[in-house]
Amino acid sequence: MIFSRITGTGGYLPERVMTNAELEKVVDTSDEWIAARSGIRERRIAADDEFTCDLAEKAALRAIRSAGKTPADIDLIVGATSTPDEEFPSTACLLQERLGISGPPAFDVQAVCAGFLFAVDVVDKFIRTGSAKCALVIGAETFSRILDWTDRRTCVLFGDGAGAVILEADEEPGILSTHLHSDGRYKDLLCVPTGVSRNYERIQDGSAYVTMEGGEVFRWAVTAMSDIVKEALDANGMTHDQIDWLVPHQANIRIINAIGRRTGIPDEKVIVTVDRHGNTSAASVPLALDEGIRKGRIRPGQMVLIEGFGGGFTWGAAMIKM
């Protein structure tokens, strides 16, 4: 039987650091207000000439090197982003050209902050069916481009970045299970209500921004992400004490802490980067996973549960043996 296993990870953050103190100068907020409500102290912002594919390329190359591979070994590229460089081609195709790869399938998935989980699920199925052997999975965002910098409810929360993993076919299980959900009834609570087909004039006048009903999103995220931990544990016949690490979507430290309390997973088993990265949407989980591995916290053989929640609503999780 064929399984998929993570053999390499990589991450990239833009050089520019935007602190809460800097935001105090442009919007009615304070370091204390932001930190108390989100846990965020700083975030990275892409340079004016730096785009989503640029971030994805740097993260991808690091993941490829980490796995001991070359771009020629990659036979599938799946990207997750809500901030593509172009309406089309996909950012995955743009990245494919950058990497000098020609022929294998490359495409994007769009599930906002849960996008990386959806991409992992898709690639896991490609590998399990023998349709791919060595895949590149990326979450990359320049969310700063869709923020209203006068809206303190949203602009203080997000940042830019990219994370990537290499998934390879293996006889030993790596991705043990994946779990995906969506509920479009809540589409208006977290969205950019603008597109090419609808409200196009908002693109023309420069007002295509993220809107969010923070309180309702918070409550929904805590419930959904706590429930999906139990779903993943039950699917694998495990208990919470058998998880070595939880790598949650890095949206808000209060959400992360609430998930830990509800599921019985202690703080010392949770990877947290939100204080330094902010919410990087589809990039947040692979960035946190990569940091945990590079710092020697996440080690081979350990059980890791990754999970994400985003607009749609979309949410997902994957149980992984490293």
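Answer yes or no: is there a residue in the range 90-99 that is open to solvent by 20 Å² or more (accessible area, probe 1.4 Å), in contact with an Asp or Glu (Cβ under 7 Å, 6 or more places away or on another chain) and without any contact (Cβ under 8 Å) to a residue 24 or more places away in the chain.
Within the range 90-99, one or more residues are open to solvent by 20 Å² or more (accessible area, probe 1.4 Å), in contact with an Asp or Glu (Cβ under 7 Å, 6 or more places away or on another chain) and without any contact (Cβ under 8 Å) to a residue 24 or more places away in the chain.
Across the range 238-257, what is the total count of residues that are over 16 Å from the mean Cα position of the chain (by Cα) and closer than 16 Å to ILE40 by Cα?
Selection size over the range 238-257: 2.
Residues checked against (1) free of Cβ contacts under 8 Å to residues at least 60 places away in the same chain; (2) touching a Pro at 6+ places or on another chain (Cβ under 8 Å):
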{"site": "ALA59", "(1), (2)": "no, yes"}
{"site": "PHE88", "(1), (2)": "yes, no"}
{"site": "PRO105", "(1), (2)": "yes, no"}
{"site": "GLY115", "(1), (2)": "no, no"}
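Please find, among THR263, THR314, THR280, the residue that is open to solvent by 10 Å² or more (accessible area, probe 1.4 Å), of a type outside the set (Asp, Glu) and within 18 Å of the chain's Cα centre (by Cα).
THR314
Right, LEU287: buried (at least 24 other Cβ atoms within 10 Å of the Cβ) and assigned to a helix (DSSP H, G or I) or not?
yes
Residue check, ARG185 against (1) in a loop (DSSP other than H, G, I, E, B); (2) farther than 22 Å from ALA258 by Cβ; (3) open to solvent by 60 Å² or more (accessible area, probe 1.4 Å); (4) of a type outside the set (Phe, Trp, Tyr), all met but one. Which one?
Here ARG185 meets the rest and fails (1).
Among the residues of the range 61-86, count how many are under 28 Å from GLY195 (Cβ atoms) and in contact with a Pro (Cβ under 6 Å, 6 or more places away or on another chain).
Looking only at that region, the number is 1.
Taking the conditions exactly as written (open to solvent by less than 30 Å² (accessible area, probe 1.4 Å), more than 20 Å from LEU117 (Cα to Cα) and over 20 Å from the mean Cα position of the chain (by Cα)), does ALA208 satisfy them or not?
So ALA208 passes the test.
Being open to solvent by 30 Å² or more (accessible area, probe 1.4 Å), more than 15 Å from ARG153 (Cβ to Cβ) and of a type outside the set (D, E, K, R) is the filter here; which residues of the range 29-65 pass it?
Listed by number, the residues that qualify are ALA47, PHE51, LEU61.
Which of the residues that make up the range 1-28 are open to solvent by 20 Å² or more (accessible area, probe 1.4 Å), at pLDDT 95 or above and either assigned to a helix (DSSP H, G or I) or among the β-branched types (Val, Ile, Thr) (or both)?
ILE2, ILE6, THR7, VAL17, THR19, ALA21, GLU22 - these are the residues of the range 1-28 that are open to solvent by 20 Å² or more (accessible area, probe 1.4 Å), at pLDDT 95 or above and either assigned to a helix (DSSP H, G or I) or among the β-branched types (Val, Ile, Thr) (or both).
Considering only residues that are among the aliphatic types (A, V, I, L, M) and within 24 Å of ASP234 (Cα to Cα), look in the range 266-277 and name the one that is surrounded by the fewest Cβ atoms within 10 Å (Cβ to Cβ).
Only one residue fits best here, namely VAL270.
Sort out which residues of the range 29-48 are part of a helix (DSSP H, G or I) and among the basic types (Lys, Arg), and write them in order of number.
Within the range 29-48, just ARG37 meets the criteria.
Picking from GLU172, GLU141, which residue would you name as being of a type outside the set (Val, Ile, Thr) and not in a strand (DSSP E or B)?
GLU172
Residue check: is GLU216 acidic (Asp, Glu), in a loop (DSSP other than H, G, I, E, B) and open to solvent by 50 Å² or more (accessible area, probe 1.4 Å)?
The answer is no for GLU216.
Does the range 232-247 include one or more residues that are open to solvent by 20 Å² or more (accessible area, probe 1.4 Å) and under 27 Å from ARG145 (Cβ atoms)?
no
Could you tell me whether the range 123-138 includes any residue that is among the charged types (D, E, K, R) and either surrounded by 19 or more Cβ atoms within 10 Å (Cβ to Cβ) or under 12 Å from the mean Cα position of the chain (by Cα) (or both)?
Yes; the residues of the range 123-138 include at least one that is among the charged types (D, E, K, R) and either surrounded by 19 or more Cβ atoms within 10 Å (Cβ to Cβ) or under 12 Å from the mean Cα position of the chain (by Cα) (or both).
When you scan the range 157-176, how many residues do you find that are over 30 Å from ASP49 (Cα atoms) and open to solvent by less than 20 Å² (accessible area, probe 1.4 Å)?
The number of residues fulfilling the criteria is 3.
The values are calculated or read from the model by the stated rules, or taken from the named source; none is laboratory data. None of the values given here were measured: they were computed from a predicted structure. Note that each Cβ is placed from the backbone with ideal geometry, even for glycine, and that neighbours are counted across all protein chains shown. The area values use the complete protein model at the heavy-atom level, side chains included, leaving out ligands, DNA and RNA. Shrake-Rupley method; radii C 1.70, N 1.55, O 1.52, S 1.80 Å.
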